[in-house]
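A short worksheet on the structure shown next.
The values are calculated or read from the model by the stated rules, or taken from the named source; none is laboratory data. Remember, it's a predicted structure, so these values are computed and weren't measured experimentally. Reconstructed Cβ throughout: ideal geometry from the backbone, glycine too, with neighbour counts over all protein chains shown. Side chains are part of the model used for accessible areas, which takes the heavy atoms of the whole protein and leaves out ligands, DNA and RNA. Shrake-Rupley method; radii C 1.70, N 1.55, O 1.52, S 1.80 Å.
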Amino acid sequence: MAFEPLRARMVDEQLRRRGLTDPRLLAAFRKVPRHLFVPEELREEAYADHPLPIGGGQTISQPYIAALMTSQLNLQGHERVLEVGTGSGYQAAILAELALEVFSVERIPDLLLTAQERLTALGYLNVHLATSNGSLGWPEHAPYDAILVTAAAPNVPQPLLDQLADRGRMVIPIGPPAHQMLHRIHKQDQRLRREAIASCVFVPLVGAHGWPPEGV
Ligand code: SAH
C-alpha cells in the first residue's frame with residue numbers, strides 16, 4: 001500500500017480544509033509516517049478521520065485533533081515541550097518536527113517501549129521518554145515553553161502550571177471521561193489566561209491530579 005498519497009490527502013482534506021493552514025504544521029503532518037504508529041493490522045486505516053486503538057485500552061488521537069492541539073501551542077522551533085501521555089509516540093514525533101526538544105511521559109510501560117522503538121527507528125534524537133505519572137509533570141527538565149496533555153484531567157494539574165515557563169502555553173482537555181473541553185492556557189508574569197477551544201473526547205488522565213484508576 002502506498003501511504004504517502006493517503007497522508008497528503010489527510011493533510012489536505014482533514015487539516016487544511018478545516019482551517020489549519022500554518023505551512024510548518026502541515027509539513028510536519030505530511031512528513032511523519034502515522035501508519036508506523038498504529039498496530040500493524042490497522043495500518044490501512046491510519047489516515048482515516050478518526051482515532052484508533054493502540055492497545056492497553058488507549059487510543060491515538062484523530063489527526064485533526066492532534067493538529068488542532070499542536071497549532072494552539074504556536075511552536076516556532078526553539079521550544080522545549082512536555083507531552084503528557086506518549087501513547088503511540090505519534091504526537092511526540094509531530095512535536096519533534098516543530099520544536100527543539102520534546103519530553104514525553106506515559107504511565108503504561110508497554111506503550112512507552114513501543115513508542116521508543118518507533119521514534120528511535122525513525123531517528124528522532126530530540127525526543128526523551130519516561131514511564132511515570134505525567135500529572136506530576138517531569139520536574140527535572142522544567143520549565144517548558146509548551147505543555148501538551150493528551151489525556152483528560154478533572155482540572156489543570158498544579159505541577160504542570162508550576163513547570164510552565166513564563167510566556168508558556170499549555171493545551172489540555174478538561175472534564176469527565178465521556179466528554180471534555182479542550183483548553184488553552186497562557187502564562188505570563190505569573191498570571192494565567194485560559195480559553196476554551198473545542199469540545200473533545202480523550203481517554204482519562206489517571207493518578208494524582210487525574211482520575212482514580214478504578215473503572216478506567
Ligand atoms: N499522544 C498519544 C495519544 C495518547 S492517549 C499519541 O499520539 O498516540 C493518552 C495516553 O495517556 C495513554 O497512552 C494513557 O496511558 C496515558 N496516560 C493516562 N494517564 C496518564 C498519566 N497520569 N501519566 C502519563 N500518561 C498517562
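So here's what we get for this one:
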| read-out | value |
| --- | --- |
| Within segment 87-101, considering residues that are within 12 Å of the ligand (Cβ to nearest atom) and closer than 23 Å to residue 194 by Cα, the one least open to solvent (accessible area, probe 1.4 Å) | 95 |
| Residue in segment 95-103 that is without any contact (Cβ under 8 Å) to a residue 40 or more places away in the chain and within 12 Å of the chain's Cα centre (by Cα) present | yes |
| Checklist (1) open to solvent by 60 Å² or more (accessible area, probe 1.4 Å); (2) among the basic types (Lys, Arg); (3) in contact (Cβ under 8 Å) with a residue 40 or more places away in the chain applied to residue 34, failing item | (1) |
| Pairs, first closer than 15 Å to residue 50 by Cα in segment 7-19, second of a type outside the set (Phe, Trp, Tyr) and open to solvent by less than 20 Å² (accessible area, probe 1.4 Å), C-beta under 7 Å, six or more apart | 7/34; 10/63; 11/26; 14/63; 15/26; 15/63; 15/67 |
| Subset tally (residues that are within 7 Å of the ligand (Cβ to nearest atom) and open to solvent by less than 10 Å² (accessible area, probe 1.4 Å)) for segment 66-86 | 4 |
| Residues located in segment 1-25, provided they are open to solvent by less than 40 Å² (accessible area, probe 1.4 Å) and in a helix (DSSP H, G or I) | 3, 7, 10, 11, 14, 15, 25 |
| Residue in segment 106-139 that is farthest from the ligand (Cβ to nearest atom), counting only those that are more than 20 Å from residue 39 (Cβ to Cβ) and part of a helix (DSSP H, G or I) | 139 |
| Identity of the residue in segment 141-186, closer than 24 Å to residue 88 by Cβ and in a helix (DSSP H, G or I), that ends up most open to solvent (accessible area, probe 1.4 Å) | 141 |
